[in-house]
1. Would you mind checking the tilt of helix 187-200 against the longest principal axis of the Cα atoms of the chain, expressed as 0 to 90 degrees and rounded to 10?
2. If you place +1 on the Cβ of every Lys and Arg and -1 on the Cβ of every Asp and Glu, how big does the dipole about the Cα centre of the chain come out, in debye to the nearest 20?
3. Tell me, what is the FRET efficiency for Q81 and A34 to the nearest 0.05, using R0 = 22 angstrom and their Cβ-Cβ distance as r?
4. Using a Gaussian network model of the chain with C-alpha springs under 10 Å, which one of M217, M234, M163 is most mobile by mean-square fluctuation?
5. Starting at the first residue of the stretch 100-105, write each ³J(HN,Hα) from the Karplus equation 6.51 cos²θ - 1.76 cosθ + 1.60 with θ = phi - 60°, in whole Hz, x for Gly and Pro.
6. How far is helix 226-236 tilted, in degrees, relative to the longest principal axis of the Cα atoms in the chain, given as a value from 0 to 90 rounded to the nearest 10?
7. Can you give the angle from 0 to 90° between the axis of helix 69-78 and the longest principal axis of the chain, with both taken from C-alpha atoms, to the nearest 10?
8. Among S130, I197, W66, whose Cα lies farthest out toward the positive end of the dipole of the chain, if unit charges sit on the beta carbon of Lys, Arg (+1) and Asp, Glu (-1)?
Amino acid sequence: MPVNAEVEETEPDTDGDLPINELFYSLQGEGTLAGVPTVFIRTSGCNLRCWFCDSYHTSWEPTGAWRDVDSILEEVHSHKQATHVVLTGGEPLIHEESVALIEQLTADGYHTTVETNGTIYRDAPIDLASISPKLASSTPTPDRDPKGDGEWEGQHEQDRIDMEALSQLIDDYETQLKFVVTGEEDMQEITDVVDRIRATTTTTVADDDVLLMPEGMTREQLDGTRSEVAELAMEYGYRYTPRLHVDLWNDAPGT
Ligand SMILES: C[S@@+](CC[C@H](N)C(=O)[O-])C[C@H]1O[C@@H](n2cnc3c(N)ncnc32)[C@H](O)[C@@H]1O
Ligand SMILES: Nc1nc2[nH]cc(C(=O)O)c2c(=O)[nH]1
Ligand code: SF4
Ligand SMILES: [Mg+2]
C-alpha cells in the first residue's frame with residue numbers, strides 16, 4: 001500500500017493489518033501520565049467527526065499505510081528508552097486488529113494506554129483507558145464543519161455518547177475521563193455525563209478521575225482557553241490536564 005493511501009473506515013481490515021497514520025516517540029502530553037516518554041501509534045479512521053479534531057488526517061480525511069502488527073512492533077522496539085506505548089487515532093477501537101497489537105505490546109512488557117472516544121468496547125490488556133467522551137460542543141454543525149457542509153452533524157450527535165460502551169470500559173479498565181472543554185457552557189453536560197456514568201458503573205469514579213483539557217491545537221488557541229479551564233477545574237473539583245506537547249512543540253507533526 002502506498003503511504004498516503006486513503007483509508008476508508010468501511011473497508012474491512014485485511015490480514016490482521018492496521019491503517020497507521022503515524023508512529024513517533026514523544027512525551028505523553030495529556031492526562032495523569034503527562035511527561036512520560038512514550039511511543040505513539042496513531043491509527044487512521046474514526047466513527048466520529050469532532051469539528052476541532054487535531055488529527056484531521058485520521059478522521060475528516062483519513063490517510064495512512066496498512067501495516068502488520070510485527071512491523072509496528074519492530075518500530076516500537078527501535079525506541080529503546082520507551083517503556084510506555086499509547087495507541088491512539090482516529091479511533092483505535094474501531095479496528096479489531098488493535099486487540100492483537102495491545103496483546104503483543106503487553107507480552108513485550110510495555111505499559112499500554114489507549115486513547116479512545118469511549119463509544120466502542122473491546123476486550124484487551126489495556127493498562128489505562130484514556131476516555132474522552134465527546135460533548136455537544138464537539139458536534140460539526142454547518143458553521144463549524146471543516147468541510148463546510150454539516151454532513152456529519154446528525155451521525156456525530158447520535159453516536160458521540162454510548163453509555164453501555166462507556167460503563168463497560170470503566171468497569172473493566174483503569175480509566176481517566178478526559179473532557180475537551182471549550183468554555184463554561186460545557187460544564188453542565190460534563191457533570192450530567194459523570195452522574196450518568198456513576199449511576200451505571202460498579203466502579204467508583206472519583207472527581208480526580210475526571211480531567212478537564214482545554215480545547216486548542218496550537219499554543220495560540222490554548223492561550224485563549226487554558227486559564228478559564230484551569231479555573232473551572234478548581235471550581236468543580238475536577239483535575240486539570242495540560243496539553244504539554246502543544247506547549248512544548250506547538251502543532252508540529254510527530255509530537
Ligand atoms: C485525536 S484524539 C484520538 C483518540 C480518540 N478518537 C478520542 O477522541 O479520544 C486524541 C485526543 O485529542 C483530543 N483532542 C482532539 N482535538 C483536540 C483539540 N482541538 N483540543 C484539545 N483536545 C483535542 C481528543 O479529545 C482526545 O483526547
Ligand atoms: N505528545 C502527545 N501526547 C498525546 N497524548 C494523547 C495524544 C493523542 O493524540 O491521542 C497525544 C499526542 O498527539 N501527542
Ligand atoms: S473522536 Fe477523536 S479522532 Fe475522532 S474526530 Fe473526535 S477527536 Fe478526532
Ligand atoms: Mg494528539
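The numbers here are math on the coordinates, done by the rules we state, and not lab data. Source: prediction; values computed, not measured. Reconstructed Cβ throughout: ideal geometry from the backbone, glycine too, with neighbour counts over all protein chains shown.
1. Result, in degrees: 70.
2. 660 debye
3. Given R0 = 22 Å and the Cβ-Cβ separation, E is 0.80.
4. M234
5. Karplus values, whole Hz, x for Gly and Pro: 4, 5, 5, 4, 5, 4.
6. Once rounded, one gets 60 degrees.
7. Approximately 80 degrees, to the nearest ten.
8. About the Cα centre, the residue reaching furthest to the positive side is S130.
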